[in-house]
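The values are calculated or read from the model by the stated rules, or taken from the named source; none is laboratory data. All figures in this text were calculated on a predicted structure; none of them were measured in a lab. Please note: Cβ atoms are built from the backbone with ideal geometry, for glycine as well, and neighbour counts cover all protein chains shown. Each accessible area value is taken on the protein alone, full model and side chains, heavy atoms only, with ligands, DNA and RNA left out. Shrake-Rupley method; radii C 1.70, N 1.55, O 1.52, S 1.80 Å.
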Amino acid sequence: MTPLPELIIEPGRAERNYWRDLWRYRELFYFLAWRDILLRYKQTVIGIAWALVRPFLTMVVFTFVFSKIAKLPAPGAVPYALMVFAAMLPWQFFATALS
C-alpha cells in the first residue's frame, strides 16, 4: 500500500488557489447545485416548473395592481410587464440570498 503524500497547510495558500480549486471541482459544484434544486422542488405538484411559475405569477399580479388599479405609467414605450419583471429579479435574488 502506497502512503499518501503529506498535506502541508500554509497560511494564505487557500486564497491563492481558490479559483483553481473552484475550476478543478466544477463538476462537484454542478451536481451539488442540481441535487439541491431537485430536493427543493420534489414535494411540489408541478416540480421544478414552480421556479418559473412563481416569478411569472408575481409579475402578473404586480402588473395588474400597479398598471390597472394604481394607474402608474410605464416610462416611454416599455411594456409594463417587462419593467415589473426587470425590477423583480434583483429584489427576489436579494431576498432569497438574505434568507
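Some notes on this structure:
- V45 vs. criteria among the aliphatic types (A, V, I, L, M) and either open to solvent by less than 90 Å² (accessible area, probe 1.4 Å) or touching an Asp or Glu at 6+ places or on another chain (Cβ under 9 Å) (or both): no
- Scan of segment 73-86 for residues that are among the hydrophobic types (A, V, I, L, M, F, W, C), over 26 Å from W34 (Cβ atoms) and surrounded by 12 or more Cβ atoms within 10 Å (Cβ to Cβ), ordered by number: A74, A81, L82, M83, V84
- Of residues in segment 64-80 being farther than 15 Å from W91 by Cβ and in a helix (DSSP H, G or I), the one nearest to the chain's Cα centre (by Cα): Y80
- Verdict on L38 being surrounded by 11 or more Cβ atoms within 10 Å (Cβ to Cβ), of a type in the set (A, V, I, L, M) and more than 27 Å from A81 (Cα to Cα): yes
Yes or no, residue by residue, for (1) modelled with pLDDT of 85 or more; (2) not in a helix (DSSP H, G or I):
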{"residue": "L7", "(1), (2)": "no, yes"}
{"residue": "P11", "(1), (2)": "no, yes"}
{"residue": "F29", "(1), (2)": "yes, no"}
{"residue": "W34", "(1), (2)": "yes, no"}
{"residue": "K42", "(1), (2)": "no, yes"}
{"residue": "A49", "(1), (2)": "no, no"}
{"residue": "V60", "(1), (2)": "yes, no"}
{"residue": "L82", "(1), (2)": "yes, no"}
{"residue": "A86", "(1), (2)": "yes, no"}
